[in-house]
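The values are calculated or read from the model by the stated rules, or taken from the named source; none is laboratory data. Computed from a prediction, not measured in an experiment: that's the story for all the values here. Virtual Cβ from ideal backbone geometry, glycine too; neighbours counted across all protein chains shown. Only protein heavy atoms, including side chains, enter the accessible area calculation; ligands, DNA and RNA are left aside. Shrake-Rupley method; radii C 1.70, N 1.55, O 1.52, S 1.80 Å.
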Amino acid sequence: AKAARAMVGAVNDAVEAVIARTADDVLRPLLVLVCREVLAAARLTVDELGLVVLHQANTRIIDAAVEDLNLPREKVLMQIERYGNTSAGSIPLVLDEANRTGRLRRGDHILISGFGAGLAWGTGVLRW
């Protein structure tokens, strides 16, 4: 039983390492690329954004996007520490909180980006 538990633990560690590598190797550059492309298509710069709402999968990916896109930290809202990974629900949850707390102002440009299973993704700019 002890050997079986050790084997299961080793498999879990290996799976977690692959998932982390996948996030860093695939999701991070994809997120940065699509955000840059959407901003360019909208003819906006990071400085013109009122708020950035990214899929709340994990803080590592969000922190990397903040760094890679040179986003001011105060423009990026995170709720993952309160709700965990809520998948597709994370963007509306963050937008609702931003609205209820007065973080959104009429006319603000909001960059949103989410991703899901099979590397499906969606990114866009909203005007509040």
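Values computed for the structure shown
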| item | result |
| --- | --- |
| Tally of residues being modelled with pLDDT of 85 or more, of a type in the set (S, T, N, Q) and open to solvent by 20 Å² or more (accessible area, probe 1.4 Å) across the range 62-91 | 1 |
| Those residues of the range 104-123 which are open to solvent by less than 80 Å² (accessible area, probe 1.4 Å), in contact with a strand residue (DSSP E or B) (Cβ under 6 Å, 6 or more places away or on another chain) and not hydroxyl-bearing (S, T, Y), in sequence order | D108, H109, I110, L111, I112, G114, F115, G122 |
| Residue that is farthest from G50 (Cα to Cα) [pool: residues in the range 66-108 that are of a type in the set (K, R) and under 16 Å from the mean Cα position of the chain (by Cα)] | R82 |
